[in-house]
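Written out below as structure tokens is the structure these notes cover.
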Amino acid sequence: MKTKVVEIDCYKEADCSVAVGIWNYWDHEHVTIIHAGYKGAKILYEDENVVIMWLTMRVPILRFLSVSTIVTMKRQDENTLKVCNSMVGIPVVTTIRVTEAGDDMSKYHMNYKFFLLGWRELLASLYGWGLRIAVPWWNARQWQEDLPIKLRRQKLLRAGFKDFNGLPKNISD
């Protein structure tokens, strides 16, 4: 089967460390609270390097409709995440690379690869045109929703906040 790949790159910067940026992507519980359009996020499996989620979201423009997708996210290394899912029936692989840009500054390169299969390949120019408009718009909206969380966490870390890691093994501790 023929496949046409539409590739879109988005770039951002934030006043937070790389660790905070990666933490934000791995904070799956915030998805339905912070991001408009997501109706449900159920974690099916998670360990330190992989998460598989079942996401339910409203269809852009046709907000009265919703679709579900299985999302697999893997940490490739300490600065890179790979995300596989489908957006309205189109398989997409996203690579997110977060790099240092200075003290508590980070740069983000998000690369989206959409795989147009079968009849979608025949409409590749139409799909490609639509994706080149929709993806940067969607990415900017997601970014604006997430940015306050990143900045707040960075502020708390600078103030000495430590994540809760559970109770000690010895209760006397």
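At-a-glance table
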{"item": "Enumeration of residues in the range 92-147 that are on the phi > 0 side of the Ramachandran plot and not in a strand (DSSP E or B)", "result": "D104, G118"}
{"item": "Selection within the range 133-173 - in contact with a strand residue (DSSP E or B) (Cβ under 6 Å, 6 or more places away or on another chain) and of a type in the set (K, R)", "result": "K150"}
{"item": "Residues of the range 153-171 classified as open to solvent by less than 100 Å² (accessible area, probe 1.4 Å) and either touching a residue at least 12 places away in the same chain (Cβ under 8 Å) or under 18 Å from I22 (Cβ atoms) (or both), total", "result": "6"}
{"item": "Any hit, the range 14-23, residues being exposed (fewer than 12 other Cβ atoms within 10 Å of the Cβ) and touching a residue at least 24 places away in the same chain (Cβ under 8 Å)", "result": "no"}
{"item": "Residue that is nearest to W119 (Cα to Cα) [pool: residues in the range 27-54 that are at pLDDT 90 or above and open to solvent by less than 40 Å² (accessible area, probe 1.4 Å)]", "result": "M53"}
{"item": "Residue that is nearest to L116 (Cα to Cα), among those in the range 55-86 that are surrounded by 12 or more Cβ atoms within 10 Å (Cβ to Cβ) and charged (D, E, K, R)", "result": "K82"}
{"item": "Selection within the range 53-91 - of a type in the set (D, E, K, R) and part of a loop (DSSP other than H, G, I, E, B)", "result": "R63, E78"}
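The values are calculated or read from the model by the stated rules, or taken from the named source; none is laboratory data. What you see is a predicted model; the values in this text were computed from it and never measured. Heads up, the Cβs are rebuilt from the backbone with ideal geometry, glycines too, and the neighbour counts pull from every protein chain shown. Remember, those area values only see protein heavy atoms, side chains included, never the ligands or the DNA or RNA. Shrake-Rupley method; radii C 1.70, N 1.55, O 1.52, S 1.80 Å.
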